[in-house]
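The block underneath contains the structure these notes are about, expressed in structure tokens.
Values in this text are rule-based calculations from the coordinates and carry no lab data. What you see is a predicted model, and the numbers here were worked out from it, not measured in a lab. Positions of Cβ are backbone-derived with ideal geometry, glycine not excepted, and every protein chain shown enters the neighbour counts.
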Amino acid sequence: MAVLKLQSLKPRPISELSMKVGSIRCYVSSCRAVLLPRFGGPEVLQLRPDVPVPDLKPNEVLVRARAVSINPLDTRIRSGYGRSIFEPLLPLILGRDVSGEVAAVGASVKSLTVGQEVFGALHPTALRGTYTDYAILTEDELSPKPASLTHVEASAIPFAALTAWRALKCTARITEGQRLLVIGGGGAVGFSAIQIAVAAGCHVTTTCGNQSISRLIAAGAEQAVDYTSEDIESVIKEKFDAVLDTIGVPETERIGINLLNRGGHYMTLQSSITLSL
């Protein structure tokens, strides 16, 4: 996952700014944004200086972006993933994660205030993403940013962590004492999944590159297998109640399914497969 830091960028003059004294709510009408006018490589992205900012709905929050991350979903959409859905809606603003400050709040927002540092992630199908000076998210999609995290660090967390949470908590419904295999634990989703599973009382085994082993063991994995130098199926002897495959190639799919207990869940991020045996 790549992270784009926006904090050092000087925002262009805002074409329109109004404040309602007493409620401390302000609204901007346009800002800079990176647009996707057509599908293709990184070269198709365009920085536009005056992209309209929609009016806030009652449950929405305007966030002054300080850092955003680039997720695999963003690059896949840019390359044409979901073309039948997204092509009629071009140009799009990509981006799911954001960290920044609250610039304005909708009328029904109660938990967040203007000036507060927040981080969060949009729904995967959101059409106005976070590659913009001012992003719009719902109140439920944002949380206060921990003071111990920089904006860059915070922006790398939400979408990956939510992806792991949905897989483990909503699909596999992991419970204490179960065994989980995370294939590709060194990435953002895998690393999040390990921590979520350990917190739930599960026994976690993971595969990763040699450089990630100590970090994943420190996060709570009981076994970390270096896939670059070890044969995974020879080293891992037990079966698992759930397998989260963050790589999703035919080889890891085969390994994951072979290591699954009957009645277990195999989940992959790279296709639509969610298998229960």
**OP:** Let me know the number of lysine pairs in the chain closer than 29 Å at the Cα, not counting same-chain pairs under 8 apart.
**Re:** 16
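Quick one: 227, 81, fewest Cβ neighbours within 10 Å first, how do they rank?
Working: 227 21, 81 14.
Taking fewest neighbouring Cβ atoms as first place, the list is 81, 227.
Based on the alpha-carbon gyration tensor of the stretch 160-276 and its eigenvalue square roots a ≥ b ≥ c, which shape applies: rounded if a/c is under 1.5, prolate if not and a/b is larger than b/c, or oblate? Could the numbers behind the result be given before it?
Values: a/c = 1.29, a/b = 1.10, b/c = 1.18.
Because its axes are fairly even, with a/c under 1.5, the stretch 160-276 counts as rounded.
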Original post:
Could you give the length gained on full extension between residue 116 and residue 29, defined as 0.36 nm per residue of separation minus the Cα-Cα distance, in nm?
Top reply: 29.2 nm
Subject >> Residue exposure sequence - 169, 237 - by fewest surrounding Cβ within 10 Å >> reply: 237, 169
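Taking the Cβ of each residue in 244, 142 as the centre, tally the other Cβ atoms inside 10 Å and list the residues starting with the fewest.
Details: 244 31, 142 25.
With the sparsest Cβ surroundings first, the list reads 142, 244.
Nearest 5 is fine: what % of DSSP beta bridges in the chain come out antiparallel, could you say? Don't skip to the end; give the middle numbers.
On the way: 37 of 56 bridges.
Of all bridge pairs located within the chain, approximately 65 percent are antiparallel.
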Original post:
Hey, how many Å between the Cα centroid of the stretch 59-113 and the Cα centroid of the stretch 151-177?
Top reply: 18 Å
